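Read through the structure below, which is laid out as structure tokens, and then see the notes.
Laboratory data are not the source of any read-out in this text; all were calculated from the coordinates shown. A quick note: this is a predicted structure, and the numbers were derived from the prediction, not measured. Backbone-built Cβ (ideal geometry, glycine too); neighbour counts: all protein chains shown.
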Amino acid sequence: MRYRSVLLKFLSALIVFGSWEIAGRIPVSFAFPTFIESMAAFWTLLVDGRMFVAYVETLKPLVVGVLISASLGIGIGLAIGLSRKFDWLVSPIFVVMQTAPLAALIPLLVMVYGIGLTSKVFVVCIMAMPVIVLNTSGAVRNTPASIIEMGQSFLGTRLDVILKIILPAASPIIFAGLRLGVSAGFIGAILSELKITPTGVGDIITYSRSIADYPSMYAAIFSIILLAVIFLNVLERIEEYLFKGSRQTYVSE
Amino acid sequence: MNDKTSDIENAVSVHNVYKNYGDVEALRDLSLDFPRGQLTSLLGPSGCGKTTLLKIIAGLLRANSGEITVNGQPVAGPGPDRAFVFQDFALLPWANVIRNVAFGLELRGVDRSEREAIAEKYIGDVGLKGFEKSYPHELSGGMRQRVGLARALSVDSQVLLMDEPFSAVDEQTRRKFQEDLLKLVKNESKTFIFVTHSIEEAVYVSDQVAILLPRPSRVSEIIRPEGFRHKDANSIRRDPEYLDIVDRIWASLRTYVE
Ligand SMILES: Nc1ncnc2c1ncn2[C@@H]1O[C@H](COP(=O)(O)OP(=O)(O)OP(=O)(O)O)[C@@H](O)[C@H]1O
Ligand SMILES: [Mg+2]
């Protein structure tokens, strides 16, 4: 079973990379390198250390932004889920944030916060926060009424009910929101490097394109996807570990 | 037959209670007394408002009007004098059996070793020994129901509100539980309010059976099966009075079953 799933993953990677290689050889466009060329460039970027230096730069706004989004987002999501009034007051902001064309907002951010770290963190937050907030509030609101009633009938205080019933009931969906938020944050971090100031991995992409070194450009893009996939897998493992044994099934009668 | 009821103090009293859910009228002018130390069954067609009445007594729902008192005090919300066995069990899916059973005590601030010792005892009483570390999804419906039962017993309240507590257990276990319940009523000075769909069960375990009308619900009849209470568990089911009362209740309920 396990062996087969590994095999299938390998096969799907083979298909994707194989078609990339073929498309690069035709070539679809003179600016589209083959898979092998891109991997060679990837290797070069790795060994000469440029990739490493670039990621230190890129991860800064990403980590700060994701941390802010997670703590603030879960907090706000909880408040929205628990209070109707807060919901009416705050929810629209996040719905707008989720649908707003980010590219159009970036010049505005740059005007207010300049081209430094602050603006980039903002972009990451705008990308990551809404999905975390909306997932958290939805999960809180969907806690089965019967177990909340149970908590009240056994004399749980409001705080007891929140900490011992609502939060654990909502945590798998909150975690799923966190995962979506992190991947959105990745996109935000790269976008901010492309749109605000070319630093980090964004700089490799912009610079390689300007000197027509397309393999390096695609190597950089590939590295982003690779990192995102690895990171999300790690999160998934943590999730599995946290919620193992207690599947979330609300069985009755 | 029931001259002594008048001088028994009532643990719970419900007077002229009305309850609407929006346009749905669930209870209309319902009054019923629950004598202390006795078991009262609520018997009535599905959807007639039995759960609603129980939740109003528990303080989980507010009546639109009417008076509900527990030990003479008006009900303002849930209290330590009442414990609830939920129709849909209401277990925490992420908590194992022992934590679920001890949860009522956990919320009351009893420390861990003490509450787990108490929970352990009631887990044994409901026949779940060995399943302390299992999670609800690993249990059958009847076993889950017993977890809910043990949780309510472990907080040691004076009034037990039981919403169809034996509905999901098998017939053998059910008969055993009915006998256990009779012992519990006899040995402990608790007041039981018991919802069931089974006429036989109601007559077998109850000191009084309240028959409810279909929605909007009122009490249509109160029957006190007393004649055979002193008999031993097995001969009750063959007692002529027992069989007679079962027939009488069926006759009055069948008019609502189309
Ligand atoms: N939260 C609610 N909102 C609206 N209507 C409700 C609600 N809860 C119950 N009702 C209605 O009130 C009536 C009584 O419901 P209740 O659950 O008390 O019935 P019951 O006697 O316990 O039925 P059963 O034997 O099937 O458990 C039903 O007709 C139901 O439709
Ligand atoms: Mg019911």
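Here the Gaussian network model covers chain A, with springs between Cα atoms less than 10 Å apart; of A:GLY200, A:GLY138, A:GLY49, A:GLY49 fluctuates the most.
Over the range B:68-139, the Kirkwood radius and the radius of gyration, each from Cα atoms, give a ratio Rg/Rh of 1.04. Counting every other Cβ atom within 10 Å of each residue's Cβ, A:ILE190, A:ILE26, A:ILE238 order from fewest to most as A:ILE26, A:ILE238, A:ILE190.
Legend: Rg and Dmax of the protein assembly as shown, from Cα coordinates, 32.1, 104 Å. Calculated [222 nm] ellipticity per residue, helices only, for chain B: -10500 deg cm²/dmol; basis is -39500 (n - 2.57) per DSSP H run with n ≥ 4, divided by all residues, nearest 500. If you take all other residues with their beta carbon under 12 Å from the beta carbon of B:ARG174, and give Lys and Arg +1 and Asp and Glu -1, the sum is -4. Which shape class, rounded, prolate or oblate, goes with the range A:150-253 when its Cα gyration tensor gives a ≥ b ≥ c as root eigenvalues, a/c under 1.5 marks rounded, and past that a/b bigger than b/c marks prolate? Prolate is the answer for the range A:150-253, as a/c is 1.5 or above and a/b outweighs b/c.
In straight-distance terms, cross-link reach from B:LYS133 covers every one of the lysines whose alpha-carbon lies under 20 Å from its own, apart from those fewer than eight places away in the same chain; here that gives A:LYS164, A:LYS244, B:LYS121. Measuring gaps between exposed loop sites in chain A (trypsin sites (Lys or Arg not before Pro); DSSP loop; at most 14 other Cβ atoms within 10 Å), the longest gap, sites not included, is A:1-243.
What the Cβ-Cβ distance of A:VAL112 and A:LYS9 gives, at R0 = 51 Å and to the nearest 0.05, is a FRET efficiency of 0.70.
As a proxy for reagent exposure, B:LYS19, B:LYS231 were ordered by neighbouring Cβ count within 10 angstrom, fewest first; the result is B:LYS231, B:LYS19.
A viscosity of 1.306 mPa s and a temperature of 10 °C, combined with the Kirkwood radius over C-alpha pairs in the Stokes-Einstein formula, give chain B a diffusion coefficient of 84 µm²/s.
Coupling constants for the range A:204-220 follow from the phi torsions by the Karplus curve (6.51 cos²θ - 1.76 cosθ + 1.60, θ = phi - 60°), and in residue order they are 4, 4, 4, 5, 4, 5, 5, 9, 6, 8, 4, x, 5, 4, 5, 4, 5 Hz; glycine and proline get x.
Give the shape of chain A as rounded, prolate or oblate, defined through the alpha-carbon gyration tensor: a ≥ b ≥ c are the square roots of its eigenvalues, a/c under 1.5 means rounded, and otherwise the shape is prolate if a/b is larger than b/c and oblate if not. Oblate.
Taken residue by residue and averaged, Cβ atoms of other chains lying within 10 Å of the Cβ of B:90-100 number 5. How many Cβ atoms of partner chains, on average, are near each residue of A:157-169 if near means within 10 Å of its Cβ? Shielding by partners across A:157-169 averages 2. By the count of neighbouring beta-carbon atoms within 10 Å, fewest first, A:SER146, A:SER192 end up ordered A:SER146, A:SER192.
Spin-label model, B:ALA233/A:TRP88: points 7 Å from Cα along the beta carbon direction are separated by 5.7 nm. Expressed to the nearest 5 percent, the antiparallel share of DSSP beta bridges inside the protein assembly as shown is 50 percent.
Rg ratio for the range A:58-111: its Cα radius of gyration over 2.2 N^0.38 Å, N being its residue count, equals 1.35. Once a ≥ b ≥ c are taken as the square roots of the eigenvalues of the Cα gyration tensor of the range A:108-149, is the result rounded (a/c under 1.5), prolate (a/b larger than b/c) or oblate (a/b not larger than b/c)? Prolate, because a/c is 1.5 or more and a/b exceeds b/c. What is the Cα centroid distance between the range A:75-105 and the range A:191-210, reported in whole angstrom? Spelled out, the Cα-based centre of one part sits 30 Å from the other. Look at the stretch B:136-143: the mean tally of other chain Cβ atoms within 10 Å of its residues' Cβ atoms is 3.
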